[in-house]
Amino acid sequence: MKSVDLFAGAGGLSCGLKQSGFSPILANELVPQYAETYQINQQNTQMIVGDVRQVCEINIKKLLGAKAGEIDLVAGGPPCQGFSINAPIRSLDDERNHLFKDFLRVVASLKPKAVLIENVPGIISLGKGTVVKQIYAELDALGYKVGHRILFAGHYGVPQMRFRTVFIAIKKHKGEISFPEPRFSAKAVANFTGAKE
(Lines give C-alpha, C1' and ligand atoms only; values in the text may rest on other atoms or scores of the structure.)
Protein backbone atom coordinates (compact mmCIF):
# COMPACT_ATOMS: atom_id res chain seq x y z
CA MET A 1 0.00 0.00 0.00
CA LYS A 2 1.40 3.39 -1.03
CA SER A 3 1.29 6.33 1.37
CA VAL A 4 2.17 10.03 1.34
CA ASP A 5 3.25 11.72 4.59
CA LEU A 6 2.80 15.49 4.92
CA PHE A 7 4.28 17.51 7.83
CA ALA A 8 6.47 14.42 8.15
CA GLY A 9 8.95 15.62 10.78
CA ALA A 10 11.64 13.04 11.47
CA GLY A 11 9.37 10.24 10.25
CA GLY A 12 7.59 8.82 13.30
CA LEU A 13 4.25 8.50 11.51
CA SER A 14 5.86 6.96 8.40
CA CYS A 15 7.66 4.48 10.65
CA GLY A 16 4.38 3.35 12.20
CA LEU A 17 2.66 3.20 8.83
CA LYS A 18 5.51 1.10 7.44
CA GLN A 19 5.10 -1.34 10.34
CA SER A 20 1.42 -1.53 9.37
CA GLY A 21 2.15 -2.49 5.77
CA PHE A 22 2.36 0.88 4.03
CA SER A 23 5.20 1.97 1.77
CA PRO A 24 5.82 5.72 2.16
CA ILE A 25 6.66 6.94 -1.35
CA LEU A 26 6.63 10.70 -0.79
CA ALA A 27 7.03 12.94 2.25
CA ASN A 28 7.09 16.68 2.89
CA GLU A 29 8.78 18.52 5.74
CA LEU A 30 9.47 22.23 6.22
CA VAL A 31 12.55 22.01 8.48
CA PRO A 32 15.66 20.74 6.64
CA GLN A 33 17.18 19.07 9.74
CA TYR A 34 13.99 17.06 10.34
CA ALA A 35 13.80 16.14 6.66
CA GLU A 36 17.41 14.93 6.77
CA THR A 37 16.61 12.67 9.73
CA TYR A 38 13.54 11.40 7.90
CA GLN A 39 15.66 10.50 4.86
CA ILE A 40 18.14 8.57 7.00
CA ASN A 41 15.25 6.47 8.34
CA GLN A 42 13.25 6.21 5.09
CA GLN A 43 15.87 6.13 2.35
CA ASN A 44 13.48 4.99 -0.40
CA THR A 45 10.99 7.82 0.15
CA GLN A 46 11.11 10.89 -2.04
CA MET A 47 11.35 13.97 0.22
CA ILE A 48 10.15 17.46 -0.65
CA VAL A 49 11.75 19.97 1.73
CA GLY A 50 9.71 23.14 2.01
CA ASP A 51 6.38 24.70 2.85
CA VAL A 52 3.37 22.43 2.27
CA ARG A 53 1.75 25.33 0.44
CA GLN A 54 4.45 24.94 -2.22
CA VAL A 55 3.75 21.20 -2.44
CA CYS A 56 0.18 22.07 -3.39
CA GLU A 57 1.43 24.15 -6.29
CA ILE A 58 3.44 21.41 -7.98
CA ASN A 59 1.95 18.65 -10.10
CA ILE A 60 2.17 16.07 -7.35
CA LYS A 61 0.49 13.33 -9.41
CA LYS A 62 3.12 13.72 -12.13
CA LEU A 63 5.89 13.76 -9.52
CA LEU A 64 4.64 10.47 -8.10
CA GLY A 65 3.83 8.96 -11.47
CA ALA A 66 0.37 8.20 -10.10
CA LYS A 67 -3.14 8.86 -11.29
CA ALA A 68 -5.86 10.16 -8.99
CA GLY A 69 -7.06 7.33 -6.76
CA GLU A 70 -3.90 5.20 -7.03
CA ILE A 71 -2.40 6.31 -3.70
CA ASP A 72 -3.75 4.31 -0.77
CA LEU A 73 -3.24 6.85 2.02
CA VAL A 74 -2.42 10.51 2.56
CA ALA A 75 -1.42 11.00 6.20
CA GLY A 76 -0.07 13.79 8.34
CA GLY A 77 -0.18 15.92 11.43
CA PRO A 78 -0.52 19.60 10.54
CA PRO A 79 1.35 21.85 13.04
CA CYS A 80 -0.44 21.65 16.36
CA GLN A 81 1.04 24.58 18.31
CA GLY A 82 -1.85 26.87 17.39
CA PHE A 83 -4.49 24.26 18.32
CA SER A 84 -2.96 23.26 21.65
CA ILE A 85 -4.68 24.35 24.83
CA ASN A 86 -1.16 25.10 26.09
CA ALA A 87 -0.62 27.75 23.41
CA PRO A 88 -0.18 31.26 24.86
CA ILE A 89 -2.91 32.51 22.52
CA ARG A 90 -5.41 30.20 20.81
CA SER A 91 -6.93 31.91 17.82
CA LEU A 92 -8.32 31.08 14.41
CA ASP A 93 -6.12 33.94 13.20
CA ASP A 94 -2.95 31.87 13.82
CA GLU A 95 -1.68 31.00 10.30
CA ARG A 96 -0.64 27.53 11.43
CA ASN A 97 -4.27 26.72 12.18
CA HIS A 98 -5.09 26.87 8.47
CA LEU A 99 -2.39 24.53 7.17
CA PHE A 100 -4.86 21.64 7.34
CA LYS A 101 -6.53 23.28 4.30
CA ASP A 102 -3.34 22.75 2.30
CA PHE A 103 -3.26 19.14 3.51
CA LEU A 104 -6.79 18.79 2.13
CA ARG A 105 -5.72 20.38 -1.16
CA VAL A 106 -3.21 17.55 -1.60
CA VAL A 107 -5.96 15.06 -0.75
CA ALA A 108 -8.20 16.69 -3.38
CA SER A 109 -5.44 16.32 -5.97
CA LEU A 110 -4.43 12.71 -5.21
CA LYS A 111 -7.87 11.38 -4.20
CA PRO A 112 -6.35 8.60 -2.06
CA LYS A 113 -8.36 5.63 -0.88
CA ALA A 114 -7.98 6.81 2.73
CA VAL A 115 -6.89 9.84 4.76
CA LEU A 116 -5.35 10.03 8.25
CA ILE A 117 -4.97 13.27 10.19
CA GLU A 118 -3.34 13.33 13.63
CA ASN A 119 -3.42 16.32 15.96
CA VAL A 120 -3.77 17.50 19.54
CA PRO A 121 -7.16 17.32 21.30
CA GLY A 122 -7.34 21.13 21.24
CA ILE A 123 -8.23 21.00 17.54
CA ILE A 124 -11.73 19.91 18.57
CA SER A 125 -12.54 22.91 20.74
CA LEU A 126 -10.84 25.67 18.72
CA GLY A 127 -13.38 28.09 17.31
CA LYS A 128 -16.18 26.08 18.98
CA GLY A 129 -15.54 23.17 16.66
CA THR A 130 -15.11 25.23 13.48
CA VAL A 131 -11.96 23.39 12.35
CA VAL A 132 -13.49 19.94 12.85
CA LYS A 133 -16.64 20.94 10.98
CA GLN A 134 -14.56 22.22 8.08
CA ILE A 135 -12.48 19.02 7.91
CA TYR A 136 -15.67 16.95 7.81
CA ALA A 137 -17.34 19.20 5.24
CA GLU A 138 -14.38 19.29 2.87
CA LEU A 139 -13.72 15.54 3.04
CA ASP A 140 -17.44 14.84 2.61
CA ALA A 141 -17.48 17.02 -0.50
CA LEU A 142 -14.52 15.00 -1.86
CA GLY A 143 -16.47 11.77 -1.44
CA TYR A 144 -15.19 10.51 1.91
CA LYS A 145 -16.91 9.36 5.06
CA VAL A 146 -15.12 10.70 8.14
CA GLY A 147 -14.76 9.78 11.79
CA HIS A 148 -12.59 11.03 14.62
CA ARG A 149 -11.65 9.98 18.14
CA ILE A 150 -9.38 11.19 20.92
CA LEU A 151 -7.01 8.31 21.62
CA PHE A 152 -4.64 7.87 24.55
CA ALA A 153 -1.19 6.49 23.67
CA GLY A 154 -0.95 4.40 26.85
CA HIS A 155 -4.02 2.37 25.83
CA TYR A 156 -2.02 1.00 22.89
CA GLY A 157 1.27 0.17 24.58
CA VAL A 158 3.06 3.42 23.78
CA PRO A 159 5.03 4.66 26.83
CA GLN A 160 3.66 8.21 26.62
CA MET A 161 1.01 10.17 28.49
CA ARG A 162 -0.29 11.72 25.26
CA PHE A 163 -3.79 12.13 23.96
CA ARG A 164 -4.20 12.68 20.23
CA THR A 165 -7.14 13.42 18.00
CA VAL A 166 -7.17 11.05 15.04
CA PHE A 167 -9.33 11.61 11.97
CA ILE A 168 -9.84 8.73 9.54
CA ALA A 169 -11.56 9.17 6.19
CA ILE A 170 -12.28 6.52 3.58
CA LYS A 171 -14.08 6.58 0.27
CA LYS A 172 -17.82 6.34 0.88
CA HIS A 173 -18.19 3.00 -0.97
CA LYS A 174 -15.23 1.34 0.82
CA GLY A 175 -16.89 0.14 4.04
CA GLU A 176 -17.02 1.42 7.60
CA ILE A 177 -14.52 3.35 9.69
CA SER A 178 -13.28 1.62 12.82
CA PHE A 179 -10.89 2.72 15.53
CA PRO A 180 -8.73 0.30 17.54
CA GLU A 181 -10.01 -0.80 20.92
CA PRO A 182 -7.71 -0.05 23.90
CA ARG A 183 -5.38 -2.96 24.67
CA PHE A 184 -4.00 -1.73 28.00
CA SER A 185 -5.59 -0.20 31.09
CA ALA A 186 -3.16 2.71 31.36
CA LYS A 187 -4.63 5.82 33.00
CA ALA A 188 -3.95 9.52 32.66
CA VAL A 189 -5.61 12.75 33.67
CA ALA A 190 -6.68 14.65 30.60
CA ASN A 191 -6.30 18.43 30.56
CA PHE A 192 -8.89 19.17 27.91
CA THR A 193 -12.66 19.48 27.91
CA GLY A 194 -14.77 16.41 27.31
CA ALA A 195 -12.01 13.86 27.84
CA LYS A 196 -12.54 10.63 29.72
CA GLU A 197 -9.96 8.87 31.83
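The values are calculated or read from the model by the stated rules, or taken from the named source; none is laboratory data. Remember, predicted model here, so these are calculated numbers, not experimental data. Ideal geometry is used to build each Cβ from the backbone, glycine not excepted, and the neighbour counts take in all protein chains shown. We work out accessible area using only protein heavy atoms, side chains counted, and drop any ligands, DNA or RNA first. Shrake-Rupley method; radii C 1.70, N 1.55, O 1.52, S 1.80 Å.
Remark: the chain carries 54 Å² of accessible area per residue (probe radius 1.4 Å; ligands, DNA and RNA excluded).
For residue 18 and residue 133, FRET efficiency with R0 = 35 Å and r from the beta-carbon atoms, rounded to 0.05? Please report the intermediate quantities before stating the final value.
Values: r = 32 Å, r/R0 = 0.92.
Calculated transfer efficiency: 0.60.
May I ask you to derive the relative contact order of the chain, considering only C-alpha pairs under 8 Å and at least 6 residues apart, and to give it as an integer percent? Numbers along the way, then the final one.
Working: 351 pairs, mean separation 31.9, N = 197.
Averaging sequence separation for qualifying contacts and normalising by length gives 16 percent for the chain.
I need the shape label for segment 109-159. Rule: rounded when a/c is under 1.5, else prolate if a/b > b/c, else oblate, with a, b, c from the alpha carbon gyration tensor. Oblate is the answer for segment 109-159, as a/c is 1.5 or above yet b/c matches or exceeds a/b.
Excluding residue 42 itself, calculate the net charge of residues whose Cβ lies under 12 Å from the Cβ of residue 42, where each Lys or Arg counts +1 and each Asp or Glu counts -1. List each step's numbers first, then the result.
Numbers: positive: 18; negative: 5, 29, 36.
Result for the local shell: -2.
All other residues whose Cβ lies under 12 angstrom from that of residue 22 are scored, Lys and Arg at +1 and Asp and Glu at -1, for a net of +1.
The accessible surface of the chain, taken with every protein chain in place and a 1.4 Å probe, is 54 percent carbon and sulfur.
In terms of its Cα atoms, the chain spans 46, 39, 34 Å along the principal axes, sorted from long to short. Per the helix-only calculation at 222 nm, which mean residue ellipticity applies to the chain, given -39500 (n - 2.57) for every DSSP H run of n ≥ 4 and division by its residues, nearest 500 deg cm²/dmol? Result for the chain: -7500 deg cm²/dmol, rounded to the nearest 500.
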